[in-house]
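Student: Just dropping this structure here.
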């Protein structure tokens, strides 16, 4: 994701950034992130993890198909 212009900081900021360029897949990202969070707490089943991979695959396929992400110029 970082290579496509999405900094790896805060999840909510990444999700907001992705929603601008990839609104059709941001919900996949949110669903996969929720499973990852539950997994870290030891509360995700194997089926949950499989579903997370499906969600992440959908997101990354969409990111890979995009040539260049929209970038916001930052003023110093």
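Student: Once both axes come from the Cα atoms, what is the angle between helix 11-21 and the longest principal axis of the chain, in degrees from 0 to 90, rounded to 10?
Tutor: Once rounded, the angle reads 60 degrees.
Student: In nm, to one decimal, how far is the modelled label at residue 49 from the one at residue 3, with both set 7 Å along Cα→Cβ?
Tutor: Placing both labels 7 Å along Cα→Cβ, they lie 2.5 nm apart.
Student: To the nearest 10 degrees, how steeply does helix 26-40 sit against the main Cα axis of the chain, on a 0 to 90 scale?
Tutor: 50 degrees
Student: Oh, and also: Rank 31, 40, 16 by mean-square fluctuation in a GNM of the chain with C-alpha springs under 10 angstrom and give only the top-ranked residue.
Tutor: Ranking 31, 40, 16 by mean-square fluctuation puts 40 first.
Student: Roughly how tilted is helix 46-65, in degrees to the nearest 10 and between 0 and 90, from the longest Cα axis of the chain?
Tutor: 20 degrees
Student: Moving to a separate point now. In square nanometres and to one decimal, what's the mean projected area of the convex hull around the Cα atoms of segment 11-65?
Tutor: Working: hull surface 14.3 nm².
Quarter of the Cα hull surface area: 3.6 nm².
Only the coordinates and a few stated rules stand behind these numbers; no lab work does. Small disclaimer: the values here were computed from a predicted structure and weren't measured. Reconstructed Cβ throughout: ideal geometry from the backbone, glycine too, with neighbour counts over all protein chains shown.
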